Each structure stands twice: as structure tokens, then as C-alpha cells.
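Asker: Below is one structure. I have some questions about it.
The values are calculated or read from the model by the stated rules, or taken from the named source; none is laboratory data. Quick caveat, the model's predicted, so the values are computed rather than measured. Every residue, glycine among them, receives a Cβ derived from its backbone with ideal geometry; neighbour counts consider all protein chains shown.
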Amino acid sequence: MKKLTIIATGDIILGKEPEQFFSSVDTEITKADIVLGQLEVPYSDRAPELADLERQLKNLAPLSGRFDVLSLAGNHIYDAKDIGVKDTLGWLEGNNVTYTGAGLNIEHAKRPAIVEKEGVRLGVLSYNCTGPKVMSATETKPGCANVDIITHYELGDVANPGGNPTKIYTYPEPESFNSMLEDIRELRKQCDVLAVYLHKGIVHKPVELADYEQVVSYAAIDAGADVIFSSHSHILHGIEVYKGKTIYHGLNNFIAWVPSLSPNFRAEKGVRNEVFDPEQWARKRIEMFGFVPDPEYPTYPFHPESIYTIIAKCIIEDGIIKQTRFIPMIVNKAGVPVVVTRESGGEEVLEYMVKITSGANLNATYEWDEDEIVIGYR
């Protein structure tokens, strides 16, 4: 079998003039044999909720020919309700982009993506661990595949009922969790390499992982996954190796064009619904997450540390993953992800990855190989 490379990106939100955002990353995409990514939001030419957000179907055009598989499970896929899901899936199908994690019903949403290159079959499954429940598909409703997470708050020894918890416990709800594991076991029979892409993590919070993240990731590997990719937190999280399998706990954003998240955003044409109110969310997220976006990043209004981001890379030999790596990037003030070399900013990204990996007590180690970082473990 030929030596192959798989790369996986974090969250993708395309908007106005989307082609320009690929200027620096196209070299890496072209070199890879299989390219995965997470499409974060729905697109439609007729959904009134999206009218102010530049989410027309034409803005998905750069995905065709670049991405082999898109993960769709996430906490925004149902923002424009049935229409948004149907139109997004219709565009992907019409443009030969394979997807997994969302569908017109739960059976469709849980359907794996399988692609074959040079005799190697890659299977991909995708699950949303972040809620809200309205995003999930049912037997009769479009949405995403999900693993529901239960959250339990404890005050400990603090005499303050109703106050801030001193400990937050999270763990997967058994039925949806076991359903994911059964999906993985079944897909394991059909492919050489199996990737699970999870939408998980604490949003906009550096370093910290929630309890459930390792529980779900470890169980997915025990069930047959070869690698875990993750996004959702819109900030990098650390990496670990479990039983020889790499878990990318948070790939951060890949391309995220979202001027609508700036605090001064005002809707002009869009119609809010009970699921999604862009104007209210732009204000609420400042209160919830404790940071004000940098005005010098008008289309990329995220946590200041979210300018550091990566592309995951897996090297396949003889039908198995022999090595995992990452490619460092820094997002510039135009919101464009720029691939950086060791001398042009890569050391800065690596220092950040070392800090957040050790800060979360994860076991990954990193070593340069030319301008990429090879992942090991201690």
C-alpha cells in the first residue's frame, strides 16, 4: 500500500469572498491525500435567519475539490431549522463532498462517511457532545448525531446554596453514548482507518478540559477508533496519546468569518427564531465567556489566544496510522489562517501547545521535523 497522509482541520465558517481565506493553506491541502474538516454552520439561500450572515450556498464553493469529508455534528447545524440542514446537505451532495454527523433524520445523521484512496478505506463518524438538544436529529426531524452530556454541580464545603459551584462534573448519558460506541464497532468492520470527529470542549476557555472529554474519547478508541479529532471550543486545546492513539482535544478554528459575533453587530434583514438570535448571542457571549473581542480582528472576534491554531496530520503506512503530527498556523488580522514555519512563528505556536498540554496534565510531547511538529508521548 502507498504511504498516505490525512489532514484534519477545525471549525469552518465561510462568508464574504471565501476563496481568499485559503491562500496560505492550499499548499497543505494539495499535498494531503485525504482532507477532513468541520463545517460549523448551515447555509441556505432561502432561510430568513441567515439573511445578514453571508451564509449563501455560493460561499461554500471553496470546499468542493478541497475537502473529501466534512463533519457536520455541532451546536449550530439547526440554527436555520429544517431548511438550513436540507439546503446544506443538498449542496454538499450536489458538489460531491462526502459528509457525516448530520442528516434529515437520526439514521441519516449517524451514517458514516467512507472514502478510499490507494486501497486504504477511511471511515469517519461525527458526534455533537455540546447540545442544545434542539440540534439533535430524531426519527422525524433533521439535525445532528449526538452524545448527550449530563452536567452536575457541587458546592462542596461552601455554604452558599444558589451560588457558584466549586466543582462541575460532566459525564455521557448512557443511551446516546452506547449508541455511538455501537456505531464505531460496526464501522470498524468496514474500514482500515477509523476517525471519530467530536464536537466538544469548554468554549473560549484556555487549557481546561471537561471530565466527559476524556471519557468519551477513550471509549471511542476502546471501541475501535484510530484517532480522535475535536473542535467547538474556538480555542486550541491540548493533545494526548491513549493506547497509542492520538486525541486532538481541540483543533480550534480553521477558517471562521463571523463579523456577526462582534459586540456592535446589528441585524438588518435577518429574522430571529426561538433557536437562533445572532444579535442577542453577540452580546451574551461577552458576559458568558469573559472577554471582549479585539477590534483589530473585525471578522475574527474570538479569545485573544485563538489566533494560534493547527492542522492535524496523520501518516498512514500499510493501512494503519504510523505517525501523527500538526502543522502550526497563526490567524492574521484579516482572519486568514497563515501556515507558519519554525522561524516565522511556528515556535510561538509550539510554545503555546506545550503550555496548554502540560497545563491540562496531558501526556503528548512535541518535536520539530522541518516545519511540522511530530507528536510523541511520555
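Asker: Of the residues E28, E19, E54, only one is part of a helix (DSSP H, G or I), surrounded by 14 or more Cβ atoms within 10 Å (Cβ to Cβ) and charged (D, E, K, R); which?
Answerer: Details: E19 fails: surrounded by 14 or more Cβ atoms within 10 Å (Cβ to Cβ); E54 fails: part of a helix (DSSP H, G or I).
Step by step, each of E28, E19, E54 is checked, and only E28 is part of a helix (DSSP H, G or I), surrounded by 14 or more Cβ atoms within 10 Å (Cβ to Cβ) and charged (D, E, K, R).
Asker: Among the listed residues A219, A159, A210, which satisfies the condition of being closer than 23 Å to A113 by Cα, of a type in the set (G, A, S) and out of contact with any His (no Cβ under 7 Å at 6 or more places or on another chain)?
Answerer: Working: A159 fails: closer than 23 Å to A113 by Cα; A210 fails: closer than 23 Å to A113 by Cα.
A219 is the lone residue from the list that is closer than 23 Å to A113 by Cα, of a type in the set (G, A, S) and out of contact with any His (no Cβ under 7 Å at 6 or more places or on another chain).
Asker: Starting from residues that are in contact with a strand residue (DSSP E or B) (Cβ under 7 Å, 6 or more places away or on another chain) and free of Cβ contacts under 8 Å to residues at least 40 places away in the same chain, keep the ones in the range 101-135 and report whichever is nearest to L4 (Cα to Cα).
Answerer: R111
Asker: Something else: Hey, among L36, L14, L53, L57, which residue is under 24 Å from S126 (Cβ atoms) and modelled with pLDDT under 95?
Answerer: On the way: L36 fails: modelled with pLDDT under 95; L14 fails: modelled with pLDDT under 95; L57 fails: modelled with pLDDT under 95.
Exactly one of L36, L14, L53, L57 is under 24 Å from S126 (Cβ atoms) and modelled with pLDDT under 95, namely L53.
Asker: Next question. For residues in the range 59-97 being β-branched (V, I, T) and in a loop (DSSP other than H, G, I, E, B), which is surrounded by the fewest Cβ atoms within 10 Å (Cβ to Cβ)? I'd like the intermediate steps shown before the answer.
Answerer: Here is the first cut: in the range 59-97, the residues β-branched (V, I, T) are 69, 77, 83, 85, 88, 97.
Subset that is in a loop (DSSP other than H, G, I, E, B): 77, 97.
On the way: I77: 28, V97: 21.
Taking the candidates together, the pick is V97.
Asker: Restricting to the range 336-353, name every residue that is surrounded by fewer than 20 Cβ atoms within 10 Å (Cβ to Cβ), more than 21 Å from A364 (Cα to Cα) and in contact with a Phe, Trp or Tyr (Cβ under 8 Å, 6 or more places away or on another chain).
Answerer: Answer for the range 336-353, where residues must be surrounded by fewer than 20 Cβ atoms within 10 Å (Cβ to Cβ), more than 21 Å from A364 (Cα to Cα) and in contact with a Phe, Trp or Tyr (Cβ under 8 Å, 6 or more places away or on another chain): just V336.
Asker: Does I149 fit the bill of being of a type in the set (A, V, I, L, M) and surrounded by fewer than 14 Cβ atoms within 10 Å (Cβ to Cβ)?
Answerer: Numbers: of a type in the set (A, V, I, L, M): yes; surrounded by fewer than 14 Cβ atoms within 10 Å (Cβ to Cβ): no.
Spelling it out, it is not the case that I149 is of a type in the set (A, V, I, L, M) and surrounded by fewer than 14 Cβ atoms within 10 Å (Cβ to Cβ).
Asker: Now for a different question. Only one of these conditions is not met by T100: (1) under 30 Å from T166 (Cα atoms); (2) among the polar types (S, T, N, Q); (3) surrounded by 17 or more Cβ atoms within 10 Å (Cβ to Cβ). Which number is it?
Answerer: (1)
Asker: In this structure, is A225 part of a loop (DSSP other than H, G, I, E, B), closer than 21 Å to V35 by Cβ and in contact with a strand residue (DSSP E or B) (Cβ under 9 Å, 6 or more places away or on another chain)? Steps first, answer last, please.
Answerer: Numbers: part of a loop (DSSP other than H, G, I, E, B): yes; closer than 21 Å to V35 by Cβ: yes; in contact with a strand residue (DSSP E or B) (Cβ under 9 Å, 6 or more places away or on another chain): yes.
Yes; evaluated as a whole, the condition is true for this residue.
Asker: I've got another one for you. Name the pairs: first residue in the range 77-97 and closer than 19 Å to E54 by Cβ, second residue among the hydroxyl-bearing types (S, T, Y) and part of a helix (DSSP H, G or I), Cβ to Cβ under 8 Å, at least 6 apart or on different chains?
Answerer: Close Cβ pairs (under 8 Å, with a partner that is among the hydroxyl-bearing types (S, T, Y) and part of a helix (DSSP H, G or I)) amount to I77/T88.
Asker: Pick from the range 173-205 the residues that are in contact with an Asp or Glu (Cβ under 7 Å, 6 or more places away or on another chain) and crowded, with 19+ Cβ neighbours inside 10 Å: which of them is nearest to K322 (Cα to Cα)?
Answerer: Within the range 173-205, the first condition is being in contact with an Asp or Glu (Cβ under 7 Å, 6 or more places away or on another chain), and the residues that meet it are 173, 176, 193-195, 200-202.
Those left that are additionally crowded, with 19+ Cβ neighbours inside 10 Å: 193-195, 200-202.
Numbers: V193: 11, L194: 13, A195: 14, K200: 26, G201: 27, I202: 30 Å.
The residue in question is V193.
Asker: Sticking with this structure for a sec: If K243 passes every condition in (1) free of Cβ contacts under 8 Å to residues at least 60 places away in the same chain; (2) of a type in the set (D, E, K, R); (3) surrounded by 17 or more Cβ atoms within 10 Å (Cβ to Cβ) but one, which one does it miss?
Answerer: Failed condition: (3).
Quick grid of which residues meet (1) under 23 Å from T357 (Cα atoms); (2) in contact (Cβ under 8 Å) with a residue 40 or more places away in the chain; (3) in a loop (DSSP other than H, G, I, E, B); (4) out of contact with any Gly (no Cβ under 6 Å at 6 or more places or on another chain):
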| residue | (1), (2), (3), (4) |
| --- | --- |
| Y169 | yes, yes, no, yes |
| D183 | no, yes, no, yes |
| A195 | yes, yes, no, yes |
| V207 | yes, yes, yes, no |
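Asker: Test Y308 against the stated conditions and say whether it is in contact (Cβ under 8 Å) with a residue 40 or more places away in the chain and within 20 Å of M353 (Cα to Cα).
Answerer: Working: in contact (Cβ under 8 Å) with a residue 40 or more places away in the chain: yes; within 20 Å of M353 (Cα to Cα): yes.
For Y308, the condition - in contact (Cβ under 8 Å) with a residue 40 or more places away in the chain and within 20 Å of M353 (Cα to Cα) - is met.
Asker: Name the strands (runs of 3 or more DSSP E) wholly inside the range 293-378 in which the number of residues that are of a type in the set (S, T, Y) is 2 or more. First the steps, then the outcome.
Answerer: Working: elements: 308-317, 320-331, 337-339, 364-369, 372-377.
Filter on the range 293-378 gives 308-317, 364-369.
Asker: Do we have T5 as touching a Leu at 6+ places or on another chain (Cβ under 9 Å), among the polar types (S, T, N, Q) and in contact (Cβ under 8 Å) with a residue 60 or more places away in the chain here?
Answerer: Numbers: touching a Leu at 6+ places or on another chain (Cβ under 9 Å): no; among the polar types (S, T, N, Q): yes; in contact (Cβ under 8 Å) with a residue 60 or more places away in the chain: yes.
When the stated conditions are applied, T5 does not pass them.
Asker: What number of residues within the range 221-254 are of a type in the set (D, E, K, R) and either closer than 21 Å to G359 by Cβ or touching a Gly at 6+ places or on another chain (Cβ under 6 Å) (or both)? Break it down into steps so the answer makes sense when it comes.
Answerer: Initially, the range 221-254 is screened for residues of a type in the set (D, E, K, R), giving 222, 226, 240, 243, 245.
Among the residues that remain, those that are also either closer than 21 Å to G359 by Cβ or touching a Gly at 6+ places or on another chain (Cβ under 6 Å) (or both) are: 240.
Adding up the residues that qualify gives 1.
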